[in-house]
Amino acid sequence: MGEELKVIVFGLASEYYGVEVDKVRTIERMMPITRVPKTPAFIKGVINLRGVVIPVIDLRGRFDMEQAEATENSRVIIVAVNDIEVGFIVDSANDVIDIDSDAIDSPPEVIGGIRAKYLRGVAKLNDGRLLVMLNLAEVLNKEEIVQIEQFED
């Protein structure tokens, strides 16, 4: 038995993804996003969350998935990546589950068009679903982190 990980499960298209609870600051409903010029298309802009300006990334755009309109279920998951708070737009944030770290397999090279560097692994859940675990440090590359840090100055 490996260690138990608490994971927040969220949906993008018809797939389920997970991120460790300890990396998540908060989950918010969709809110107005202010566009920032000269940023990659998947960086939707910034939000003002309780007086803190937070950059927001559309994970569908980041993973080259088909774009979709925000719905009542859409959420912004605020995560901490390398001491930077970033919001990820997801289709839904479903639940919090416990996963045995031994149940996480190494990622295949590509899952649904998402390159392996963005993935920590794939967990097999008891109900038969597969949960793609994200590697948050890679979802933002170094140049993008520098760009985002400039928003905060």
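What the table shows:
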| quantity | calculated |
| --- | --- |
| For region 53-76 versus region 1-43, the gap between their alpha-carbon centres in whole angstrom | 9 Å |
| Linear extension gain, Ser101 paired with Asp64, 0.36 nm per residue minus alpha-carbon span | 10.5 nm |
| Full-stretch length increase - Thr71, Val21 - with 0.36 nm per residue and alpha-carbon distance subtracted | 15.6 nm |
| Computed lengthening from Asn82 to Lys117, 0.36 nm per intervening residue step minus Cα-Cα distance | 11.0 nm |
| Stokes-Einstein D in µm²/s, Kirkwood radius over Cα pairs - region 4-152 at 4 °C with 1.567 mPa s viscosity | 83 µm²/s |
| Set of region 55-94 residues, backbone N closer than 11 Å to the point 7 Å along the Cα-Cβ line of Arg129 | 92-94 |
| Reachable lysines, given that their alpha-carbon falls under 17 Å from the alpha-carbon of Lys23 and they are not under 8 places away in the same chain | Lys6 |
| Region 4-152 - accessible surface per residue (Å², probe 1.4 Å) | 52 Å² |
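The values are calculated or read from the model by the stated rules, or taken from the named source; none is laboratory data. Here the structure is a predicted model, which means the values were calculated and not measured. Positions of Cβ are generated from backbone atoms using ideal geometry, with glycine treated the same way; all protein chains shown enter the neighbour counts. When the accessible area is computed, the model is the full protein with side chains, heavy atoms only, and any ligands, DNA or RNA have been set aside. Shrake-Rupley method; radii C 1.70, N 1.55, O 1.52, S 1.80 Å.
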